[in-house]
Amino acid sequence: MRAPTLAIHTLTSLAPSIGAETLRKHAQALELAVRGQDEPALTAGAPAVEQELAVVLATLEGFLGARASG
């Protein structure tokens, strides 16, 4: 499995474990595009994954920061 395919597969698999269902949905669509070598779907889907991943990471950072200070 190539590194990008493995990375997106890992994201698809792990997102639900932290309740990031929207991220899972976008990552799964991107994973299918990677596996199918669907360039237009990759181009269209990557920004949604990036945006949702940023939201999830910011949420986790806020949660962890609040726990550390409180």
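Here are the numbers for the structure shown:
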item: Options Glu52, Glu61, Glu39: the member that is touching a residue at least 24 places away in the same chain (Cβ under 8 Å) and either of a type outside the set (A, V, I, L, M) or farther than 15 Å from Ala7 by Cβ (or both); result: Glu52
item: Close pairs (8 angstrom Cβ cut-off, 6 or more residues apart or separate chains): surrounded by fewer than 11 Cβ atoms within 10 Å (Cβ to Cβ) in the range 1-19, in a helix (DSSP H, G or I) and not β-branched (Val, Ile, Thr) anywhere; result: Met1/His9
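Throughout, read-outs are computed from the coordinates displayed, never taken from laboratory work. What you see is a predicted model, and the numbers here were worked out from it, not measured in a lab. Because the Cβ atoms are built from the backbone with ideal geometry, glycine has one as well, and the counts that use them run over all protein chains shown.
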